[in-house]
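Encoded as structure tokens, the structure appears first; notes follow it.
The values are calculated or read from the model by the stated rules, or taken from the named source; none is laboratory data. The model shown is predicted, which means the values in this text are computed figures rather than measured ones. Don't worry about glycine lacking a Cβ; one is built from the backbone with ideal geometry, like all the others, and counts go over all protein chains shown. Ligands, DNA and RNA are excluded from the accessible area calculation, which covers all protein heavy atoms including side chains. Shrake-Rupley method; radii C 1.70, N 1.55, O 1.52, S 1.80 Å.
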Amino acid sequence: MTVDALTDVAGLRVGHATRDGEGWLTGTTVVLAPEGGAVAAVDVRGGGPGTKETDALDPRNLVQKVEAIVLTGGSAYGLDAASGVMAWLEEQRRGVRVGVDPAHVVPVVPAACVFDLGRGGDFRARPDAATGREAVEAAAASEPGAPVREGCVGAGTGATVGPVKGGIGTASTVLGSGITVAALVVANAAGSALDPETGVLYGELFQGRVDYPEAGLHEAARQRLADIAAKSAPPPLNTTLAVVATDADLTKAQAQKLAGTAHDGIARAVRPVHLLNDGDTVFALATGDRPLDAGHPLALNELLAAGADAVTRAIVRAVRAAGSVDGPGGVWPSYGELYGGRRC
């Protein structure tokens with residue numbers, strides 16, 4: 001049974017640490033790989049990225065597998081959350097062996113951050129090593145294949161997408177070959193997820209029949225957003241992060257291609273995208289449980305296309321799952337507040 005989430009890739013677990021209230025609106029999300037790690041790669045397209053250990057994922061370099069990926073709020077300050085994850089992994093003796101003693105490991109923990117500083121009111125309220133440890137412990141304690149909380153949790157707690165609230169979203173699909181492809185996204189973009197003419201989410205235009213909001217509802221939503229914009233103009237410092245995963249047996253080079261094409265999924269759901277104010281980063285994980293049919297010339301292409309589709313759908317789910325924020329750091333109405341409708 002699948003749950004339409006990143007955890008449909010067997011062995012992957014997701015944990016959130018959320019900080020909100022009393023000046024806080026931020027958090028950290030950890031994707032924990034099966035023990036022994038997963039093949040990992042990354043592709044960075046935004047003009048203002050905040051990352052850690054991404055060079056280690058270059059296919060030309062030594063490290064082949066990682067035990068965890070960290071997505072965090074707090075801008076560059078929040079990358080400290082990875083230290084807490086690294087310490088926890090060392091205690092579990094999980095990482096790159098660097099000596100005869102099994103305890104002598106160096107966990108390579110790639111991380112990327114989104115800008116959410118001050119959105120809860122306190123500029124100095126941001127994730128640290130303790131937040132990272134809480135998130136990885138939550139991931140380790142979760143059941144295999146468990147549903148993943150979406151919306152204003154973990155690294156998506158303070159996320160925004162243009163004028164509306166963003167958050168965490170996830171989605172998965174199973175290909176005809178039996179291979180699973182899934183994505184988890186922190187939707188936090190300088191661009192918008194809403195078509196200004198109709199109010200429909202861009203990402204839903206690629207999912208078949210679209211129910212367009214009624215004209216009167218859309219006009220009321222436009223007026224509400226205009227009123228908010230007239231009172232405040234927060235800096236467009238954002239970033240969309242994603243982890244795209246599969247149970248296919250991929251090389252690091254193939255995983256890097258998966259990370260690269262998955263950016264197309266962001267571009268379908270957010271416009272404009274990959275701006276100087278964004279740090280858009282996509283990680284790819286491959287657990288290697290299922291062989292990729294090397295005799296089928298389109299097998300890899302099918303997987304790449306599915307990764308991009310999963311990212312698009314995860315962004316739509318993130319925006320629909322998010323709740324409104326009206327606090328000292330700013331006002332960001334949710335899509336549900338503006339337009340109502342079902343959660344996809």
With respect to A286, is the statement that it is over 14 Å from the mean Cα position of the chain (by Cα), crowded, with 24+ Cβ neighbours inside 10 Å, of a type outside the set (D, E) and not in a helix (DSSP H, G or I) true? yes
If I ask for residues that are farther than 19 Å from A193 by Cβ and polar (S, T, N, Q), which ones from segment 278-317 would you list? T287, N301
Which numbered condition in (1) out of contact with any Leu (no Cβ under 7 Å at 6 or more places or on another chain); (2) assigned to a loop (DSSP other than H, G, I, E, B) is the only one that V30 fails? (2)
Residue tally, condition more than 11 Å from the chain's Cα centre (by Cα), crowded, with 24+ Cβ neighbours inside 10 Å and part of a loop (DSSP other than H, G, I, E, B), over segment 143-165: 4
If I filter segment 240-256 for residues that are open to solvent by less than 50 Å² (accessible area, probe 1.4 Å), closer than 22 Å to D195 by Cα and of a type in the set (K, R), do I get at least one hit? no
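One line per residue, one yes/no per condition, for (1) crowded, with 24+ Cβ neighbours inside 10 Å; (2) farther than 20 Å from L285 by Cβ:
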site	(1), (2)
V96	no, no
G99	no, yes
A103	no, yes
V106	no, no
V109	yes, no
D116	yes, yes
D122	no, yes
Can you say whether T131 is surrounded by 23 or more Cβ atoms within 10 Å (Cβ to Cβ) and of a type in the set (S, T, Y), as far as the supplied structure shows? yes
Whether any residue in segment 214-223 is over 26 Å from D116 (Cβ atoms), at pLDDT below 95 and either assigned to a loop (DSSP other than H, G, I, E, B) or touching a strand residue (DSSP E or B) at 6+ places or on another chain (Cβ under 8 Å) (or both) is what I want to check. yes
Kindly provide the set of residues from segment 108-141 that are charged (D, E, K, R) and either over 20 Å from the mean Cα position of the chain (by Cα) or not in a loop (DSSP other than H, G, I, E, B) (or both), ordered by number. D122, R124, R133, E134, E137
If you check every pair at least six apart or on different chains, which have Cβ atoms under 8 Å apart with a residue in segment 140-151 that is under 17 Å from A17 (Cβ atoms) first and a residue that is at pLDDT 95 or above and assigned to a loop (DSSP other than H, G, I, E, B) second? A146/V3; V148/V3; V148/A5; G151/A322; G151/G323
